[in-house]
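The values are calculated or read from the model by the stated rules, or taken from the named source; none is laboratory data. These numbers come from a predicted model, not from an experiment. Cβ placement follows ideal geometry from the backbone for every residue including glycine, while neighbour counts extend to all protein chains displayed. These accessible areas exclude ligands, DNA and RNA; they are computed on the full protein's heavy atoms, side chains included. Shrake-Rupley method; radii C 1.70, N 1.55, O 1.52, S 1.80 Å.
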Amino acid sequence: MANITLKGNPITTIGSLPETGATVVATFVNTDLSEKSISDYSGKKIILNIFPSIDTGVCAASVREFNKKASDLENTVVLCISRDLPFAMSR
């Protein structure tokens, strides 16, 4: 478990967080139903933006704001990941 804070409040995670720079192996389904892998973004900084569902107002707003703020980062890709079907993510 890892201890982190959210707005100053302690939160305990289930499992452990990867160390900075650790190799992550994962495959995701893209909005066009193709498979994408973390390795497809080799050489770039990768930010995983993980949320429950884009179909909730809070998640949709947070994804838009997150992407807007991250768009200025050099050599960085943001992967927005949810449990939604790929079609929902393309909306």
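Any residue in the range 48-77 that is more than 24 Å from Ala22 (Cα to Cα) sitting within a Cβ distance under 7 Å of a residue that is surrounded by 13 or more Cβ atoms within 10 Å (Cβ to Cβ) and of a type in the set (Phe, Trp, Tyr)? List the pairs, counting only those 6 or more apart or interchain.
The qualifying pairs are Cys59/Phe51; Ser62/Phe51; Val63/Phe51.
So, of the residues in the range 78-91 that are open to solvent by less than 60 Å² (accessible area, probe 1.4 Å) and assigned to a loop (DSSP other than H, G, I, E, B), which turns out to be farthest from Glu19 (Cα to Cα)?
This residue is Asp84.
Residue by residue through the range 22-34, note down the ones that are more than 16 Å from Val77 (Cβ to Cβ) and open to solvent by 80 Å² or more (accessible area, probe 1.4 Å).
Taking the range 22-34 as the starting set, the residues that turn out to be more than 16 Å from Val77 (Cβ to Cβ) are 22-23, 25, 29, 32-33.
Within the range 22-34, Thr23, Val25, Val29, Asp32, Leu33 qualify.
Suppose the filter is in contact with a Ser or Thr (Cβ under 8 Å, 6 or more places away or on another chain), β-branched (Val, Ile, Thr), farther than 17 Å from Val29 by Cβ and open to solvent by less than 60 Å² (accessible area, probe 1.4 Å); does Ile47 pass it? Give the steps one after another, and end with the answer.
Values: in contact with a Ser or Thr (Cβ under 8 Å, 6 or more places away or on another chain): yes; β-branched (Val, Ile, Thr): yes; farther than 17 Å from Val29 by Cβ: yes; open to solvent by less than 60 Å² (accessible area, probe 1.4 Å): yes.
Criteria met by Ile47.
For Ala70, work out the one condition from (1) surrounded by fewer than 13 Cβ atoms within 10 Å (Cβ to Cβ); (2) more than 17 Å from Met89 (Cα to Cα); (3) in contact with a strand residue (DSSP E or B) (Cβ under 9 Å, 6 or more places away or on another chain) it doesn't fulfil.
For Ala70, the failing item is (1).
Residue by residue through the range 1-40, note down the ones that are among the polar types (S, T, N, Q) and touching a residue at least 24 places away in the same chain (Cβ under 8 Å).
Looking only at the range 1-40, we keep the residues that are among the polar types (S, T, N, Q), and these are 3, 5, 9, 12-13, 16, 20, 23, 27, 30-31, 34, 37, 39.
Those that are among the polar types (S, T, N, Q) and touching a residue at least 24 places away in the same chain (Cβ under 8 Å): Asn30, Thr31.
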